[in-house]
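Data first, discussion second: the structure below is written as structure tokens.
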Amino acid sequence: MQINVYLYILVMAFATWLMRVAASLVMKKPVKNRFFQSFLYYVPYVTLAVMTFPAIVEATQSPLAGAAALIVCIAAAWFGQGLFTVAVLGCVTVLILEFFL
Amino acid sequence: MLNESGSNRRIFMEGYRNGIPIGLGYFAVAFSLGIAARDYGFSALQGFFASLITYASAGQYMGFALYATNTTLAELMILMFIINARYILMGFALNQRMPEGTPLRTRLLVGSCITDEIFGITIARPGVPTPYYTFGALIAAVPMWAVGTALGISMGNILPARIVSALSVALFGMFIAVIIPPARKDKAVLGAVAVSFALSYASVHMPGISALSQGNRTILLTVIISAVFAALFPRKTEDSEGGAVDAD
């Protein structure tokens with residue numbers, strides 16, 4: 001028997017939300033432990049880096065265009081461009097390259 | 001704390017502005033998610049509702065796919081825990097920057113806004129994470145996620161593939177804009193990013209690990225790489241003002 005689709009969606013959302021607030025429910029103050037502090041310092045950069053590559057190369061129709069966008073975005077961010085500019089430069093790179101590839 | 005509401009409003013608008021490019025990226029990704037959701041039997045209204053309250057890309061994709069296989073609610077719950085477990089780590093990183101005495105509701109509100117991208121811009125913003133900022137970003141971005149899903153379901157392939165392809169890079173561009181400036185300032189972060197790229201690439205092709213879902217590969221690599229760097233290049237211990245993550 002098929003579960004009610006709206007109940008299904010509610011459970012999906014609730015389970016996701018629990019993961020979001022799990023740390024909020026247990027943490028009362030910043031952790032003093034030096035290893036854990038250092039660990040949490042690296043977590044955001046490592047997570048985002050892992051999610052970016054190689055996914056960016058697989059997201060585009062042509063892997064070459066994705067790779068070029070990766071390089072353009074890194075260069076733009078390295079030289080101080082903001083969030084929006086970097087994102088737009090990446091899109092434009094893919095748009096132009098896939099026109100030729 | 002004088003003038004707090006004015007400043008909160010300003011922070012909310014700052015979050016809202018930064019949420020707009022995220023929303024544009026979401027729109028493209030949601031559109032392709034919608035195309036998949038239609039195949040699994042979801043209507044545009046159901047997809048809209050699911051995206052509005054779940055706002056989790058990989059999690060929703062899996063949730064939609066499971067629905068077609070007559071899974072039980074208990075199984076659904078456990079699998080959603082696993083695929084979204086990286087949000088636990090993100091929640092810890094955000095809460096680490098909130099001083100002792102931060103009300104539980106503030107912590108819950110900030111946590112409730114976690115998506116990969118909103119986490120990224122919140123952690124990149126100096127100072128203590130505030131719900132005004134995260135909600136500003138959430139309110140800008142999530143409606144576009146929901147509308148994109150509904151349009152993907154109802155309109156299928158109306159958007160040219162070339163446009164979808166270009167837009168899909170937007171999210172990664174934002175990730176890069178978050179990780180590169182601190183990597184330029186801190187050699188250890190630069191090393192961590194380089195190692196992450198390399199191992200992430202390797203893990204896609206490594207037998208065993210490549211069989212894991214992308215979400216679980218992300219958790220595994222994040223825990224291992226962050227732990228190794230924390231052991232090799234520990235930070236100076238800092239107090240509760242959240243300075244440990246401030247790269248600026």
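Along the axis of the charge dipole computed for chain B (Cβ charges of +1 for Lys and Arg, -1 for Asp and Glu, origin at the Cα centre), the listed residues B:F49, B:A74, B:M206 are led at the positive end by B:M206. Net charge dipole, the protein assembly as shown: roughly 520 debye, given to the nearest 20, about the Cα centre with Cβ charges of +1 for Lys and Arg and -1 for Asp and Glu.
Take the Cβ atoms of B:E100 and B:A198, set R0 to 45 Å, and the FRET efficiency comes out at 0.75.
A helix-only calculation puts chain B at -24500 deg cm²/dmol for mean residue ellipticity at 222 nm, using -39500 (n - 2.57) for each DSSP H run of at least four residues, averaged over all residues.
Label sites at A:K32 and B:R9, each approximated as a point 7 angstrom past Cα along Cα to Cβ, lie 4.2 nm apart.
A simple charge model with +1 on the Cβ of Lys and Arg, -1 on the Cβ of Asp and Glu and nothing else charged puts the dipole of chain B at about 280 debye relative to its Cα centre. Taking all protein chains into account, the per residue accessible area for the protein assembly as shown stands at 43 Å² (1.4 Å probe).
Surface composition of the protein assembly as shown: carbon plus sulfur atoms hold 69% of the accessible area, using a 1.4 angstrom probe and ignoring ligands, DNA and RNA. Other protein chain C-beta atoms within 10 Å of residue C-beta, averaged over A:75-83: 6. Projected over all directions and averaged, the alpha-carbon convex hull of segment A:5-100 occupies 10.0 nm². Take every Cα pair under 8 Å whose residues are at least 6 apart in sequence, average their separation, divide by the length of chain A, and the relative contact order is 19 percent.
The residue among B:A137, B:S112, B:L24 whose Cα reaches farthest toward the positive pole of the charge dipole of chain B, with charges on the beta-carbon of Lys, Arg, Asp and Glu, is B:L24. In segment B:8-245, Rg over Rh equals 0.97, where Rg is the alpha-carbon radius of gyration and Rh the Kirkwood radius from pairwise Cα distances.
Calculated from DSSP H runs of 4 or more alone, at -39500 (n - 2.57) each and per residue, what is the 222 nm mean residue ellipticity of chain A, nearest 500? Here the helix-only value at 222 nm equals -26500 deg cm²/dmol. The contact between chain A and chain B removes approximately 8500 Å² from the accessible area (both sides summed; 1.4 Å probe; ligands, DNA and RNA excluded). Take each residue in B:94-100, count the other chain C-beta atoms within 10 Å of its C-beta, and the mean is 6. In the protein assembly as shown, the ratio of gyration radius to Kirkwood radius, Rg to Rh, stands at 0.95 when only Cα atoms are counted. Label positions at B:L232 and B:I158, each projected 7 Å from the Cα along the C-beta direction, are separated by 5.1 nm. Between the C-alpha center of segment B:27-78 and that of segment B:139-192 there is a gap of 19 Å.
Using C-alpha pairs below 8 Å separated by at least 6 residues, the relative contact order for chain B is 35 percent. Taking every residue in B:69-80 and counting other chain Cβ atoms within 10 Å of its Cβ, the average works out to 3.
The values are calculated or read from the model by the stated rules, or taken from the named source; none is laboratory data. The model shown is predicted, which means the values in this text are computed figures rather than measured ones. Every residue, glycine as well, gets a Cβ built from its backbone with ideal geometry; the counts of neighbours run over all protein chains shown. Only protein heavy atoms, including side chains, enter the accessible area calculation; ligands, DNA and RNA are left aside. Shrake-Rupley method; radii C 1.70, N 1.55, O 1.52, S 1.80 Å.
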